């Protein structure tokens, strides 16, 4: 997620523009929406009409009819406005993004507060030199108001956390907003990112983005629309049946956030190495912003964080793999262009989709396209062994889902997690 970190925090915080109440969300929904809209405003937004809505509804009706034979999860009643514009998707998804990423912002604010709280400004360090706020290794060009904050606000322990919450909330709102804006011009449906973002999960497709998605494919527009409707409808059925997925992913992000620690010495070494190699120009604001957003100064992951990322990656891969498998099962004998359309999805994953870029920037997480293929194969093999009911039963609870080591052996996984009907032999 690249872009300029220069921002103007919203809200009236008195003398400290970054102060934020502990009772309020760190990432202000309006600030996030404004950042996303600013990005989207640089692209076209075509409003939807009655004809769009009728065409989308037709594709969704076909998709749901086919999916009935591929999954036990029932169809969800479609809303009146099944066709969305890019702006409709952006505005509707913002609260979900805010809730999903809020735990990460809390972890970053806590880490910065702990770091600054341990600094005694005006006192001497081990070399005998005075420590000043200017020694703190966050460039003025990336954070324009930081020196003003140090000059106007005493670094007392009680005052650090509110300031850090406001600062990190504003920064992440800007970053995340740009990414959501980028997603708005790419996603083909409300749930195309394969994340449970909505409190009430409904099927919506975005005609403008579907047209763009199909450009240059030389495939029937009707088949493209039905294929994307299949993916959207499958995701909605899954998220509606497994509402716990949203909290499960938030908990993983929160666990990652709690493990964030900032190592000043390591960051300084990275900065020196980057400047020596030419990868960072301290006099160039764009170079500094790019270094930060690309994860150049990402702290080393703890064991706790690695486990949290594995949990999150596995959940994302299992969701995408299940959607791939169910769509293939529903359409393989019905959609002539299915193989070509599936290849487009696979290619987009390999070339770094906006969703992939978002998680890489925020969490240094890259969900391997290979892992998505492996999970799709896992679900397919499981379906052969236990049919749709036994396969979909695994979404009843997170404890029933496979782990990374289970993906290569569906039969072994099934055997190790199935309670025999006759328990007499165990007594």
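At a glance:
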{"quantity": "Wholly enclosed helices (runs of 4 or more DSSP H) of the range 193-297 bearing at least 2 residues touching a helix residue (DSSP H, G or I) at 6+ places or on another chain (Cβ under 9 Å) and at pLDDT below 75", "calculated": "264-277, 285-293"}
{"quantity": "Residues (crowded, with 18+ Cβ neighbours inside 10 Å and under 28 Å from residue 177 (Cα atoms)) located in the range 68-86", "calculated": "82, 83, 84, 85, 86"}
{"quantity": "Neighbours by Cβ (under 8 Å, 6+ apart or cross-chain): first from the range 360-387, at positive phi; second assigned to a helix (DSSP H, G or I) and at pLDDT below 95", "calculated": "364/309"}
{"quantity": "Complete set of residues in the range 41-67 that are assigned to a loop (DSSP other than H, G, I, E, B) and surrounded by 13 or more Cβ atoms within 10 Å (Cβ to Cβ)", "calculated": "45, 46, 48"}
{"quantity": "Test for residue 91: is it surrounded by fewer than 23 Cβ atoms within 10 Å (Cβ to Cβ), modelled with pLDDT of 95 or more and out of contact with any helix residue (DSSP H, G or I) (no Cβ under 8 Å at 6 or more places or on another chain)", "calculated": "no"}
{"quantity": "Residue under evaluation residue 170, criteria (1) modelled with pLDDT of 90 or more; (2) crowded, with 20+ Cβ neighbours inside 10 Å, criterion not met", "calculated": "(1)"}
{"quantity": "Residue in the range 239-251 that is on the phi < 0 side of the Ramachandran plot, in contact (Cβ under 8 Å) with a residue 60 or more places away in the chain, touching a strand residue (DSSP E or B) at 6+ places or on another chain (Cβ under 6 Å) and surrounded by 15 or more Cβ atoms within 10 Å (Cβ to Cβ) present", "calculated": "no"}
{"quantity": "One residue from 36, 20 being surrounded by 18 or more Cβ atoms within 10 Å (Cβ to Cβ), at pLDDT 95 or above and either closer than 16 Å to residue 102 by Cβ or touching a helix residue (DSSP H, G or I) at 6+ places or on another chain (Cβ under 9 Å) (or both)", "calculated": "36"}
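Here is a yes/no grid of residues against (1) surrounded by fewer than 22 Cβ atoms within 10 Å (Cβ to Cβ); (2) closer than 30 Å to residue 108 by Cα; (3) touching a helix residue (DSSP H, G or I) at 6+ places or on another chain (Cβ under 8 Å):
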| position | (1), (2), (3) |
| --- | --- |
| 344 | yes, no, yes |
| 355 | no, yes, yes |
| 360 | yes, yes, no |
| 378 | no, no, yes |
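Quick grid of which residues meet (1) more than 30 Å from residue 30 (Cα to Cα); (2) at pLDDT 95 or above:
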| position | (1), (2) |
| --- | --- |
| 55 | yes, yes |
| 87 | no, yes |
| 110 | no, no |
| 140 | no, no |
| 148 | no, no |
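Quick grid of which residues meet (1) crowded, with 18+ Cβ neighbours inside 10 Å; (2) over 24 Å from residue 74 (Cβ atoms):
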position: 383; (1), (2): yes, no
position: 387; (1), (2): no, no
position: 394; (1), (2): yes, no
position: 408; (1), (2): no, yes
position: 413; (1), (2): yes, yes
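The values are calculated or read from the model by the stated rules, or taken from the named source; none is laboratory data. Worth saying up front: this structure is predicted, and the values here are computed from it rather than measured. Cβ atoms come from the backbone with ideal geometry, glycine included; neighbour counts cover every protein chain shown.
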